[in-house]
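Accompanying notes for the structure given below.
Computed from the coordinates by the stated procedures, all read-outs in this text should not be read as laboratory data. Bear in mind the structure is a predicted one, so any value in this text is a computation, not a measurement. Please note: Cβ atoms are built from the backbone with ideal geometry, for glycine as well, and neighbour counts cover all protein chains shown.
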């Protein structure tokens, strides 16, 4: 066990998978000598050489497209988009090919690759460096979309993503890269993709979140417990797609009241799909309309105002009380 | 410091061996087995006739939209023929003749045009990618495969096809650049067929040739008469040898012409003149090559006639076999397959719900 940040935990996952399997290699802008702009790939080039820790030209479509070719050839590329805001340069490769090659080739060429990218706001970054656009990927057939909520889940999910036979989009919260530490086992640990988990048990309210917002949701849950005397249950999705609706269905049927929290824009966001599933599976168990506390349908403001955009503990508590008191 | 000229580091050449009048530059003539020459001829002729049959079937409403290959057979067969079985071929969407050369069953190609995903399957032993429709997007995959070959220290090479329009796409630039930066074993074969749907070559790029673009990436470029099978073959052979020897990528520009429509969905009469088409018909790669084979006493007029008859029957056979397969492929539930290695629960649920709906509808209908 070691007390690791998310950056260190992801680095551990990459290092161990590269040690275990010579098909695994990393590529992207500044991932080699510099170790990545967030140091996630730090030191890999020393251990595995520049052939497996590849500094590429500045070319997102090229990075993703080359990774598709590598995967077809039998390798297991883990490529990095320096920021998710630049991943759109490569979107045609993701949607047009990574997501479709297995289908188009009738199973001949699966694409076992991971596209890692930092996402989300809260770190005083420039424009294009704060967005949370997971639905673009979650809405695309053929992709898996994973967002860990801390160092330990990041490490375990990344190992699973690398071993997955299909393309996995792996969002890493910049806000959490160094803001918390967790005990991460030295030995191999995996978490199944497509499974959510209950991270706080309760019986009065179901709170559903993931990624950086999970921590604010947990804080809000504690506040509700202390101030209002209610015990919320909190579900950490971990995988956005394929969405695991079993845990929150069980929880909603128990509590009858729900709040969904994410920093992605509100309309057509993940909460919309979650509410649809609740409608399909648990409509008659509901005691109140499902609340959502989300980013707004605007671009993330420059950093002087970005905290106003992001759901915070007060907004989450406010939304939760609406669900509780309706 | 005085001004001085930069040396680009590589040359750009033009190569023509068998010209449009059938005149052979015997100093440049490659030594190719008779058997291989005849096989290349047969593949070109088969592709042309199959193209004509597809067009007819499309007009009759029996198949869907497709991109005809007519006019570009030499550019494709002359390059694909250089590859070994172990090498990789990464096509765009018009590489019918190259696919036939590589062993893709014509039944599969016909199924694809008839709207069945099954037609996109690549036989297990073939190292080819399926058709890629988004222009130039396949080029970066080819570079990734070539990187894999280099990483695994194998002897293979990758050959990838694209058109003149593709050279305007960002993916072309990224692929050329990355192929050169990583010194990968790859050959870029541009079929400059003069038209990107309705936009002519001169509106696609100001550079005098497309081949010269190679210089900016630090690789050699060669422009060949793309309707001259011998020139295409020689240029590809040199490029493949370079790639196999670890000397990196090459760009080949095959100057050719799309004799038919872009796809069956457009009308070339709107954007190009009949006179231009007539001019290029005189440069048709197939009669030119037949003439060459005739002069070498490898192929007589009678033999061509016999071959034409044989091909016609073969194409009829392909149609009948495809029809038979289509009858077996009516199940719409197939659309849920091959999205993932294992079907996730939400997709199983959608599939089952749809199956239930179909069952109920059928019962209501029958009842």
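Enter the mean projected area of the convex hull around the alpha-carbon atoms of the stretch A:2-184, in nm², rounded to one decimal. It would help to have the intermediate numbers written out before the result.
Numbers: hull surface 37.3 nm².
Mean projected area for the stretch A:2-184: 9.3 nm², to one decimal.
What does the average come to when, for each residue of peptide A:105-118, you count the partner chain Cβ atoms lying within 10 Å of its Cβ? Display every interim value, and only then the final one.
On the way: counts 8, 11, 4, 10, 4, 3, 1, 1, 1, 0, 0, 0, 0, 0.
Counting other chains' Cβ atoms within 10 Å and averaging over A:105-118 gives 3.
If I fit a long axis through the Cα atoms of helix A:313-325 and take the longest principal axis of the Cα atoms of chain A, what angle between them do I get, 0 to 90°, rounded to 10?
50 degrees
Among A:305, A:181, A:15, which one shows the biggest mean-square fluctuation in a GNM of chain A, springs joining Cα atoms closer than 10 Å?
A:305
Starting from the Cα gyration tensor of the stretch B:12-328, take the square roots of the eigenvalues, sort them a ≥ b ≥ c, and report rounded, prolate or oblate (rounded when a/c is under 1.5, otherwise prolate if a/b is larger than b/c, else oblate). Mind dumping the intermediate values first?
Numbers: a/c = 1.33, a/b = 1.19, b/c = 1.11.
It is rounded, given that a/c, with a ≥ b ≥ c, falls under 1.5.
Please say if the stretch B:209-256 is rounded, prolate or oblate, where rounded means a/c under 1.5 for a ≥ b ≥ c the square roots of the C-alpha gyration tensor eigenvalues, and otherwise the choice is prolate for a/b larger than b/c and oblate otherwise?
Numbers: a/c = 4.00, a/b = 1.21, b/c = 3.32.
It comes out oblate by the Cα gyration axes.
Where is the GNM fluctuation largest for chain B (alpha-carbon springs, 10 angstrom cutoff): B:313, B:337, B:35?
Its mean-square fluctuation being the largest, the pick is B:337.
Report the residues of the stretch B:333-351 in range of a label on residue B:361: point 7 Å along Cα→C-beta, backbone N strictly under 12 Å from it.
B:333
Summarise the partner chain shielding of B:111-124 as one whole number: the mean count of Cβ atoms from other chains within 10 Å of each residue's Cβ.
Values: counts 0, 0, 0, 0, 0, 0, 4, 1, 1, 5, 5, 5, 1, 1.
Per residue, the number of nearby Cβ atoms from other chains is 2 on average.
Out of all DSSP beta bridges in the protein assembly as shown, what portion is antiparallel? Express it as a percent rounded to 5.
Values: 11 of 69 bridges.
Around 15 percent antiparallel, to the nearest 5.
With both bridge residues required to lie in the stretch A:197-325, what share of the DSSP beta bridges run antiparallel, to the nearest 5%? Each step should come with its number before you reach the end.
Numbers: 3 of 16 bridges.
Counting only bridges with both partners in the stretch A:197-325, antiparallel ones make up about 20 percent.
Quick one: angle between helix B:301-328 and the longest Cα principal axis of chain B, in degrees between 0 and 90, rounded to 10, please.
It works out to around 30 degrees.
Taking the Cα atoms only, what angle lies between the long axis of helix B:34-59 and the longest principal axis of chain B, rounded to 10 degrees?
The angle comes out near 50 degrees.
With each label point set 7 Å from Cα along the Cα-Cβ vector, what nm distance links residue A:91 and residue B:6?
3.4 nm
Pick from B:170, B:71, B:248: which residue has the top mean-square fluctuation in a GNM of chain B where Cα pairs under 10 Å get a spring?
Of B:170, B:71, B:248, the Gaussian network model singles out B:170 as fluctuating most.
In whole Å, what is the distance between the alpha-carbon centres of the stretch B:164-236 and the stretch A:196-256?
Here the answer is 56 Å between Cα centres.
If you bin the C-alpha pair distances of the protein assembly as shown every 10 Å from 0, what whole percents do you get?
3, 14, 21, 21, 17, 12, 7, 3, 1, 0
Nearest 5 is fine: what % of DSSP beta bridges in chain B come out antiparallel, could you say?
Numbers: 3 of 28 bridges.
The antiparallel fraction comes to roughly 10 percent.
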